[in-house]
Amino acid sequence: MALRKLIHLLTLVSLLSAESKAQLEVCGTTLLKTIIVDGEDAAPGSWPWQVSLQRSGSHFCGGSLINREWVMTAAHCLYGTTAEIWQVYLGRQNLQGENPNEQSRSVATVVIHPDYDNNVYNNDIALLQLSSPTEFTDYIRPVCLAASSSVFINGTESWVTGWGQIKEGVFLPWPQTLQEVKVPVIGNRQCNCLYAVNKITITDNMICAGVLAGGKDACQEDSGGPMMSKQGSVWVQSGIVSFGFGCAQPSLPGVYTRVSRYQSWISSHISSDKPGFVQFTSSGEDLDSSYTCSDLPSSRTARPRTTN
């Protein structure tokens, strides 16, 4: 009997290992050519994990597909809601007009991080379980997630995607094509200095990115969408669009949920078809470790990046 239990356990471990390996082989890869143009339309199939979370027939937040039936997004997008009001669109290029490569799913389960703080957006992460598994195509694939040991130093090249406003109060023109923008990581010490005047603490659960001169950033309705960096041929999601002061303001980078802090939490809610976690390692010297505060911006009001 003991031998039979041991064989069963070893078989189960083997199956789980094979499952994890299979997810790593597919996540973070695009089968179509990816063209990066800062702040411009994304080419179809460039970001096949990007999803649109909709309620009452309108786009509300972004998200990312992390396996066949789970989507990751920001907690503030789902806070105070129930699963039945949400519809998830995958493989969508435009919010308006035709989307021939699209699949849609209703939502079976909403899981918000138990320690999410809606006042300061700490632990701003949530999971959506789809009503049925999606089918992977050239236009629908999962993203890899930053493993707990990942390091994203100051200056790490990152990309953010979404259908949010292109400027504060300026919505995407028809047909509202998915946008992409390249922004570097801003180290937490420097980011804390920039936000200190507003009495906002950038915790270890957050990661910042932006151009200090301004002009490139996520904005309202980008909330929940992915921030990613490329390692070799694989895209690794480092952050989830969370909050900021306005959009693309000088010396006020966007703030994102740091995905690598949540590997254990994510894994605890997904029992099969585990997401692909990848250890990301930035190259170069981490200049943020010796950063000191100076020339702080004037006080502003922090806002989540959902719709107004």
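The values are calculated or read from the model by the stated rules, or taken from the named source; none is laboratory data. Every value quoted in this text rests on a predicted model; they were computed, and no experiment measured them. Neighbour counts run over all protein chains shown; Cβ positions are idealised from the backbone, glycine included. Heads up: the accessible areas ignore ligands, DNA and RNA and are worked out on the full protein's heavy atoms, side chains in. Shrake-Rupley method; radii C 1.70, N 1.55, O 1.52, S 1.80 Å.
One table, with the values for the structure above:
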| quantity | calculated |
| --- | --- |
| Sites residue 147 and residue 58 - FRET efficiency at Förster radius 35 Å, r taken between beta-carbons, to 0.05 | 0.50 |
| Segment 241-280, relative contact order in percent, only Cα pairs under 8 angstrom and at least six apart counted | 28 |
| Distance between modelled label sites at residue 233 and residue 271, nm, 7 Å Cα→Cβ extension | 3.5 |
| In nm, spacing of pseudo-spin labels at residue 281 and residue 84 (7 Å Cα→C-beta vector) | 5.1 |
| Share of carbon and sulfur in the accessible heavy-atom surface of segment 82-222 [1.4 Å probe, %] | 47 |
| Rounded, prolate or oblate (a/c below 1.5 giving rounded, otherwise prolate when a/b exceeds b/c) for segment 29-175 by Cα gyration tensor | rounded |
| Distance between segment 37-72 and segment 224-276 - C-alpha centres, whole angstrom | 13 |
| Residue 115 versus residue 197: modelled label distance in nm, points set 7 Å from Cα along the beta carbon direction | 3.1 |
| Value of relative contact order over segment 70-211, rounded to a whole percent, pairs C-alpha under 8 Å and six or more apart | 22 |
| Estimated vicinal HN-Hα couplings, Hz - segment 152-164 in sequence order (Karplus 6.51, -1.76, 1.60; Gly, Pro = x) | 10, 7, 3, x, 4, 5, 9, 10, 10, 10, x, 10, x |
| Protection proxy ranking of 202-208, 282-288 - average other beta-carbon atoms within 10 Å, highest first | 202-208, 282-288 |
| List 251, 229, ordered by accessible area with a 1.4 Å probe, largest first | 251, 229 |
| Three-way shape label, segment 107-190, alpha-carbon gyration tensor, a/c 1.5 | rounded |
| Built amide H within the under 5 Å cut-off of residue 86, gap 5+ | 107 |
| Mean separation of Cα contacts under 8 Å (6+ apart) over length of segment 24-145, as relative contact order % | 32 |
| HN-Hα J in Hz across segment 178-186 - Karplus 6.51, -1.76, 1.60, θ = phi - 60°, x for Gly and Pro | 3, 9, 9, 8, 9, 9, x, 5, 10 |
